[in-house]
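A.B. asks: Got a structure for you, written out below as structure tokens; questions coming shortly.
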Amino acid sequence: MVQPHTAPEGEQVVDTMIGLTRMSSLHRAIVAGGDRMELCLALRRRGFTRVAIATTWRLPRRQFSVGLVTAQDKLPDIEAALNQMSPLLCANAAVAVLIASRESDFCLKVRGRLAQMGFRIEAGVRCQQGLVLSARRQGFGHIEKAA
């Protein structure tokens, strides 16, 4: 395995996202954000064949257990990617969001938005390209039925 500090910056982010979401080749993953094609190809090179892009997915909802959002430095872009991906994620899904902005206030806004969508923040890891936030949706199915 390649050491995180020696990996090229794009590879480091992909490895971090895989590790934080505990993604395996059996999981179905949905990718959204600005660099979604590059991330999708990087995952496929690593043997993750059940990867789709949120903008092109048209089949029934709630099929994906992992969601990955690539480098974004504007809150509306992250919100749009999360809103696009959220209906496709199952009740106990994990997400990883790469935040390119270095502002701490921006990170707090993203954390708040994830919490509003029913995700609980698990970890945050600094990479060369920014901060990767990991969150998990827990018990979202019964909340959705109650609403």
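Bear in mind that the values in this text are calculations on the coordinates, not laboratory data. All values derive from a computational prediction rather than experimental measurement. Neighbour counts run over all protein chains shown; Cβ positions are idealised from the backbone, glycine included.
A.B. asks: List the residues, sorted by chain then number, that are 5 or more residues from ALA123 or on another chain and whose placed amide H is less than 5 Å from its amide H.
C.D. replies: Under 5 Å from the amide H of ALA123 lie the amide H atoms of SER134, each far enough along the sequence or on another chain.
A.B. asks: Using a Förster distance of 30 angstrom, determine the FRET efficiency expected from the C-beta separation of ARG62 and GLU103, and round it to 0.05. Write down the numbers at each step before the final one.
C.D. replies: Numbers: r = 33 Å, r/R0 = 1.12.
The computed FRET efficiency comes out at 0.35.
A.B. asks: Please list, in order along the stretch 97-112, the HN-Hα scalar couplings obtained from phi with the Karplus expression 6.51 cos²θ - 1.76 cosθ + 1.60 (θ = phi - 60°), rounded to whole Hz, x for Gly and Pro.
C.D. replies: 10, 8, 9, 7, 6, 8, 6, 5, 4, 5, 4, 5, 5, 5, 4, x
A.B. asks: Using θ = phi - 60° and the Karplus form 6.51 cos²θ - 1.76 cosθ + 1.60, what ³J(HN,Hα) does each residue of the stretch 67-80 get, whole Hz, x for Gly and Pro?
C.D. replies: Result, rounded to whole Hz: x, 10, 10, 8, 3, 9, 10, 10, 4, x, 5, 5, 4, 4.
A.B. asks: I would also like to ask the following. Using label points projected 7 Å from each Cα along Cα→Cβ, tell me how many nm separate ARG22 and ASP73, to one decimal.
C.D. replies: 3.4 nm
A.B. asks: What is the stretch 64-121 by shape, rounded, prolate or oblate, if you read a ≥ b ≥ c off the alpha carbon gyration tensor as root eigenvalues and call it rounded for a/c under 1.5, prolate for a/b larger than b/c, and oblate otherwise?
C.D. replies: In terms of gyration-tensor shape, prolate.
A.B. asks: Moving on. Mind giving me the FRET efficiency for GLN138 and GLN116? R0 is 22 Å, r the Cβ-Cβ distance, nearest 0.05 is fine. Intermediate results must be reported in sequence, preceding the final value.
C.D. replies: Values: r = 15 Å, r/R0 = 0.67.
Computed FRET efficiency for GLN138 and GLN116: 0.90.
A.B. asks: If you don't mind, another one. Can I get the semi-axes of the stretch 9-146's equivalent ellipsoid? Compute them from the C-alpha gyration tensor as square roots of 5 times the eigenvalues, in angstrom, largest first. Before the final figure, lay out each step's value.
C.D. replies: On the way: eigenvalues 80, 71, 35 Å².
Values for the stretch 9-146, descending: 20, 19, 13 Å.
A.B. asks: Over all directions, what mean area does the Cα convex hull of the stretch 96-142 project, stated in square nanometres? Kindly include the intermediate steps, with their values, before the conclusion.
C.D. replies: Values: hull surface 12.2 nm².
Computed as one quarter of the Cα hull surface, the answer is 3.1 nm².
A.B. asks: Also: Net charge near ARG136: determine it from the other residues with C-beta under 14 Å of the C-beta of ARG136, scoring Lys and Arg +1 and Asp and Glu -1.
C.D. replies: Neighbourhood net charge equals +3.
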